[in-house]
Amino acid sequence: MSGGVDSATAAARAVDAGHEVTGVHLALSSNPSSYRTGARGCCTLEDARDARRAADVIGIPFYVWDMAERFHRDVVQDFVAEYATGRTPNPCLRCNEKIKFAAVLDRALALGFDAVCTGHYAQISDGVLHRGVDPGKDQSYVLAVLTSDQLSHAMFPLGDTPKVQVRAEAARRGLAVADKPDSHDVCFIADGDTRGFLAKHLGQAPGQIVDESGAVLAEHQGAYGFTVGQRKGLRVGTPAADGKPRYVLDIEPVTRTVTVGPVEGLDITEVKAARAVWTGCAPPVEPLDCLVQLRAHGDVHACTAWLEEDVLCIRLHRSARGVAKGQAAVLYNGDTVLGSATISGTSAVTPLARVPAGPGVT
């Protein structure tokens, strides 16, 4: 129970369904006030109090579990390390994978509980993960990293309900968090200044900003302050010859070089991804036509996916723009999650030829 409306309502629904429910709030920071400012973030003493009050209204036992050390190691340090190597991680995905459905689930099972119930907007049917019915709140993307075993011990009671109805239900139940604002990423960067946060942890690492020809346009103090697709904050004094905006096209962490160029330079048609997890199908033995989502709340693209040893290769049927290494590539069949992997590389392949399908693949 994070202290928000979603987890409180999920707990209440679990009770209504006849489960024996215990509320658990995760203390994720040794200095709770550092992880929230206003409606941004989570993990404050205020949140813990809100969660406890909700548990009292629902009528369930309530505990606080200290996960600060594990969270710092597996989420915060991972976030910093990924940026240091030129990638753009998704900390919510990592938190689900390493904290809520690893550390918390392991402890829960050891204590005799059957499952971890959360307020995520997603659905599980026959052990398979599906999108939530509210497209604006669907969180299947950040849950797609979970294994089949973890999903078998997970409950998402809100997946069949739009968020506006969840708030109305919370108000009817007398939960004071019914109108509490949603938290925003990244929860452990209280002021939202990701570049400042990374500079504090990684220090200055000067490098060059260059155009596609290699011409030096400006200097920077850390390549970690940039992400593929970024337009604002480039601080390039020399305008482009065509007068159009520049975007970050590539980040080279070894030389600390940031390459910028026209928006068309962001178009890619092929993705390679590592550490695949398959929960909605068996690992494909031949090319598979499906859908792929390449960032949280991003567009869905028709694609053909196949495995080359341990590497997931994805050919988009139409180009996508601004795909960053370190994000997840989540494969879907309609609203059903097939699997996910972490993007390790992208390229623009011309022409957009589809991979020949094997027998029975369309």
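The values are calculated or read from the model by the stated rules, or taken from the named source; none is laboratory data. For clarity, every value in this text was computed on a predicted model and none was experimentally measured. In this analysis, Cβ positions are derived from the backbone assuming ideal geometry, glycine residues included, and neighbour counts consider all displayed protein chains. The accessibility values were calculated without ligands, DNA or RNA, using every heavy atom of the protein model including side chains. Shrake-Rupley method; radii C 1.70, N 1.55, O 1.52, S 1.80 Å.
List of remarks:
- A simple rule links phi to the HN-Hα coupling: the Karplus curve 6.51 cos²θ - 1.76 cosθ + 1.60 with θ = phi - 60°, which for the stretch 70-77 gives 5, 4, 5, 6, 8, 10, 5, 5 Hz, with x for Gly and Pro.
- Using C-alpha pairs under 8 Å with a sequence gap of at least 6, the mean separation divided by the residue count of the chain gives a relative contact order of 16 percent.
- Span from the the stretch 328-350 Cα centroid across to the the stretch 85-155 one, whole angstrom: 18
- In order along the stretch 228-237, the Karplus-derived 3J(HN,Hα) couplings, from 6.51 cos²θ - 1.76 cosθ + 1.60 at θ = phi - 60°, round to 4, x, 5, 10, 7, x, 6, 6, 9, x Hz, and Gly and Pro are given as x.
- Accessible area ranking (1.4 Å probe, heavy atoms, ligands and nucleic acids excluded), largest first, for Ser148, Ser140: Ser148, Ser140.
- Packing-based ranking, highest mean first, of 86-94, 260-268 given that Cβ atoms within 10 Å are counted: 86-94, 260-268
- Binned Cα-Cα distance frequencies in the chain - 10 Å width, integer %: 5, 22, 30, 25, 14, 4, 0
- Asp149/Thr85 FRET efficiency (R0 25 Å; Cβ-Cβ; nearest 0.05): 0.25
- When Rg and the Kirkwood Rh are both derived from Cα coordinates, the Rg/Rh ratio for the stretch 142-255 amounts to 1.16.
- Computed from phi, the 3J(HN,Hα) profile of the stretch 143-155 under the Karplus parametrisation 6.51, -1.76, 1.60 (θ = phi - 60°) reads 9, 5, 7, 6, 7, 4, 5, 5, 5, 5, 10, 10, 9 Hz, with x in place of Gly and Pro.
- Cβ-defined net charge surrounding Ala241, 14 Å radius [Lys, Arg +1; Asp, Glu -1]: -1
- Extension gain, Lys163 to Lys232, is 21.7 nm, computed as 0.36 nm per intervening residue step minus the present C-alpha separation.
- Column: log10 I(q)/I(0), Debye, Cα scatterers of the stretch 221-362, q = 0.16 Å⁻¹: -0.85
- The calculated FRET efficiency for the pair Val128 and Ala302, based on their C-beta separation and a Förster distance of 35 Å, comes to about 0.95.
- Positive-pole candidate from Gly322, Pro239, Ala176, dipole of the chain, charges at beta carbon: Pro239
- Out-of-range pairs (alpha-carbon distance over 21 Å; input Lys100/Lys272; Lys100/Lys137; Lys180/Lys200): Lys100/Lys272; Lys180/Lys200
- Nearest-0.05 FRET efficiency for Arg195 and Ala115, computed from C-beta distance (R0 30 Å): 0.15
- Packing-based order for 65-78, 235-248, using average beta carbon neighbours within 10 Å, highest first: 65-78, 235-248
- Cut-off under 5 Å, modelled amide H: who pairs with His220 long-range: Gly207, Gln208, Ile209
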